[in-house]
Amino acid sequence: MNGRRVTFGGTQPPPQEMPTHSDLEPEPTSSQSLLTDRRSFSQAVVIAPPNPVAAPESKLTLRNVCKNFHTKTGKFNAVQDINVEVQAGEFLCIVGPSGCGKSTLLNIIAGLEKPDEGQALVNGRPIVGPGTDRVVIFQELALFPWLTVLKNVEFGLRMKGVGKREREEKALHFLKMVHLTRFSRCYVHELSGGMKQRVALARALAIDPEILLMDEPFAALDAQTRDILHEELQEIWAATRKTIVFVTHNVREAACLGDRVLVFSTHPGRIKREIEIRYARPRRLEDPNLVAFSKSIVAELKAEVEKVAQEELDYDWRTGEKKPVLRPRDHDVGSGI
Amino acid sequence: MWEVASRAGIWPRFLFPSPTEVLQTLAEGFADRTFVFGVLASLRRIFLGYAISLLLGVLLGLAISRNRLIAETLGSLILGLQTLPSICWLPLALLWFGLNESAIVFVVVMGALLSITSATESGIKNAPPLLIKAGQNMGATGGRLLIEVVVPAALPSILSGMKQGWSFAWRSLMAGELLYGSVGLGNLLTVGRELNDMSQVVAVMLIIVVIGLAADYLVFSRLERTMRRRWGFEAS
């Protein structure tokens, strides 16, 4: 574990000495010990904070958080026993199959839902409800269609009672950050999906929250737009130094963006594995290191997805190797090599 | 065709006036100001009644959608009352307010109120929860959340309720004025009937249609179109 290289700040080239595969993908036993280690440490002292400006106190703390839902079929355990410490300025990704409770966890942090057990703290104080110190960027469109782009970005400032001039100035500043000043007078429906998420990002940043909560914000975008936004999000994160909690089901996205990735299991939603990623930024999705890295997470997630499928699908559903579909003339595939 | 049918003399002239006669009556009516006063009196009543019902309707709709107790008591009552044609409130209004303007305005209010109320209620119930969550998330609470997020989100539904309410209000006003009224368009119809002046009846009917259409075209359709364009329901 000590072979990890810390390279923050973004513009540095990747380390000469590439981390070995075993370093990236710890043995299950060692990952287990890493997990327990971190847990016990997090209670007492913070070791090697990923960000040097980290306060002695964590920005965000979840302690033994549980949340149940009551359905017709009985009690359903959405998240169970979640312990997380997030430092100021950290980029935390939560990855897991759909239905693993990662969005529930985000809602708990946002104060839109209350945990049944355990505590959720921001700066050491319990979360009691929604607050402008924690702003969510949703996957689906949550912009107000009756307002122009500029007014949308101004909304949070208006709620705070900021004056008109200052409001507009700030809103334009953040629209500039996401490169959308030209569209400030447009209505939301006139924008493309990627532009809408840019507006949502600007709107969230304008409120100047301490923590940015992102709930699969790029899931509905096409791959090319997503790649661009990944890069820009890293840039903006580096410039603003916000604490970000980013929920996704896309493993490579998580590996690309996060300082740390929490892999969730389903039924109940728990932290299965915790991985630190310390590559130079800006990272790109196609970075071979990240690809190798995400493979190991994918393998872990696959087991979870299969577990869900086993519960949801018919009994005759089997996992394992699927027979490739061959046409007669495909039999000599490879004969010419 | 109307002119020809009228001049052919199939029906007596006093029952089936020709368009030229109707136009002449219209011109005369406006010249001696009887029509002008009639239109103004009716418009005054409808604006007053409609404004009251718009205000009350939106407030009632908000109250019903926000408060369970009100929803369970008033909500079902309103649904029941909607089946009652608003002119049926006239006898009650006459007893309550006496033979005066208030009685007619009351009938107009009852005509528009319920459809605006139920449209507001359903609009708020169907307001996308995500938008409300986003509003809360950005620091909007209580009344501000209601005014800045919930009501705008319910606007498409409220607008269609307003449009429907307008036509209900206009109809109730005419019915009210026909049965009872001092000056007003409905009253001009009654006078026309009593004087056997069919051309006045037709002329006033024309005015009623034109005002109804104008309100719809100039106000409601325009509002709706602006809203739809902004929200992206319709290509601009």
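Taking the range B:41-65 as the region of interest, how many residues are without any contact (Cβ under 8 Å) to a residue 24 or more places away in the chain, open to solvent by 40 Å² or more (accessible area, probe 1.4 Å) and more than 12 Å from the chain's Cα centre (by Cα)? If you could, list the steps in order and put the result at the bottom.
Our first condition is that a residue be without any contact (Cβ under 8 Å) to a residue 24 or more places away in the chain; within the range B:41-65, this holds for B:44, B:47, B:51, B:55, B:59, B:63.
When the remaining residues are screened for being open to solvent by 40 Å² or more (accessible area, probe 1.4 Å), the result is B:44, B:47, B:51, B:55, B:59.
Next, only the ones that are more than 12 Å from the chain's Cα centre (by Cα) stay: B:44, B:55, B:59.
The qualifying residues number 3.
Looking at the range B:27-34, is at least one residue closer than 29 Å to B:Thr120 by Cβ and of a type in the set (S, T, N, Q)?
First, the residues of the range B:27-34 that are closer than 29 Å to B:Thr120 by Cβ: none.
So far as the range B:27-34 goes, no, none of its residues is closer than 29 Å to B:Thr120 by Cβ and of a type in the set (S, T, N, Q).
What is the residue count in the range A:132-149 for residues that are over 19 Å from A:Tyr187 (Cα atoms), open to solvent by 30 Å² or more (accessible area, probe 1.4 Å) and facing chain B (nearest Cβ under 8 Å)?
Result for the range A:132-149: 1.
Check the range A:85-106 and report whether any residue there is within 13 Å of another protein chain (Cβ to nearest Cβ), more than 23 Å from A:His230 (Cα to Cα) and touching a residue at least 24 places away in the same chain (Cβ under 8 Å).
No, every residue in the range A:85-106 fails to be within 13 Å of another protein chain (Cβ to nearest Cβ), more than 23 Å from A:His230 (Cα to Cα) and touching a residue at least 24 places away in the same chain (Cβ under 8 Å).
Report whether or not B:Leu99 is in contact (Cβ under 8 Å) with a residue 60 or more places away in the chain, surrounded by fewer than 20 Cβ atoms within 10 Å (Cβ to Cβ) and farther than 30 Å from A:Asp133 by Cβ.
Values: in contact (Cβ under 8 Å) with a residue 60 or more places away in the chain: yes; surrounded by fewer than 20 Cβ atoms within 10 Å (Cβ to Cβ): yes; farther than 30 Å from A:Asp133 by Cβ: yes.
Criteria met by B:Leu99.
What number goes with the only condition from (1) surrounded by 13 or more Cβ atoms within 10 Å (Cβ to Cβ); (2) at pLDDT below 85; (3) under 28 Å from B:Ala127 (Cα atoms) that B:Thr34 does not pass?
Condition not satisfied by B:Thr34: (3).
Do the conditions hold for B:Ser199, that is, is it open to solvent by less than 60 Å² (accessible area, probe 1.4 Å), modelled with pLDDT under 85 and in a helix (DSSP H, G or I)? Steps first, answer last, please.
Details: open to solvent by less than 60 Å² (accessible area, probe 1.4 Å): yes; modelled with pLDDT under 85: yes; in a helix (DSSP H, G or I): yes.
Here the answer is yes, as B:Ser199 does meet what is asked.
Considering only the range A:159-186, how many residues are without any contact (Cβ under 8 Å) to a residue 12 or more places away in the chain and either over 28 Å from the mean Cα position of the chain (by Cα) or buried (at least 21 other Cβ atoms within 10 Å of the Cβ) (or both)?
Number satisfying all stated conditions: 8.
What are the pairs, 6+ residues apart or on separate chains, where a residue within the range B:182-206 that is without any contact (Cβ under 8 Å) to a residue 12 or more places away in the chain and of a type outside the set (Ser, Thr, Tyr) has its Cβ under 7 Å from a residue that is in a helix (DSSP H, G or I) and crowded, with 19+ Cβ neighbours inside 10 Å?
Filtered contacts from the range B:182-206: B:Arg193/B:Val201.
When the range A:108-129 is examined, which residues are found to be within 9 Å of another protein chain (Cβ to nearest Cβ) and crowded, with 22+ Cβ neighbours inside 10 Å? Quick ask: steps written out before the conclusion?
We begin by selecting, within the range A:108-129, every residue within 9 Å of another protein chain (Cβ to nearest Cβ); these are A:110-112, A:129.
Across the range A:108-129, the qualifying residue is only A:Ala110.
Take the range B:141-173 and flag every residue that is more than 15 Å from B:Gly123 (Cβ to Cβ) and touching a residue at least 40 places away in the same chain (Cβ under 8 Å).
B:Trp166, B:Ser167, B:Phe168, B:Ala169, B:Trp170, B:Arg171, B:Ser172, B:Leu173 - these are the residues of the range B:141-173 that are more than 15 Å from B:Gly123 (Cβ to Cβ) and touching a residue at least 40 places away in the same chain (Cβ under 8 Å).
Kindly indicate which of A:Ala299, A:Ala292, A:Ala254, A:Ala280 is among the aliphatic types (A, V, I, L, M) and free of Cβ contacts under 8 Å to residues at least 12 places away in the same chain.
Details: A:Ala292 fails: free of Cβ contacts under 8 Å to residues at least 12 places away in the same chain; A:Ala254 fails: free of Cβ contacts under 8 Å to residues at least 12 places away in the same chain; A:Ala280 fails: free of Cβ contacts under 8 Å to residues at least 12 places away in the same chain.
Answer to the selection: A:Ala299.
The values are calculated or read from the model by the stated rules, or taken from the named source; none is laboratory data. Keep in mind it's a predicted model, so treat the numbers as computed, not measured. No Cβ is skipped: glycine too gets one built from the backbone with ideal geometry, and neighbour counts run over all protein chains shown. Protein only, heavy atoms only, side chains kept; ligands, DNA and RNA dropped before computing areas. Shrake-Rupley method; radii C 1.70, N 1.55, O 1.52, S 1.80 Å.
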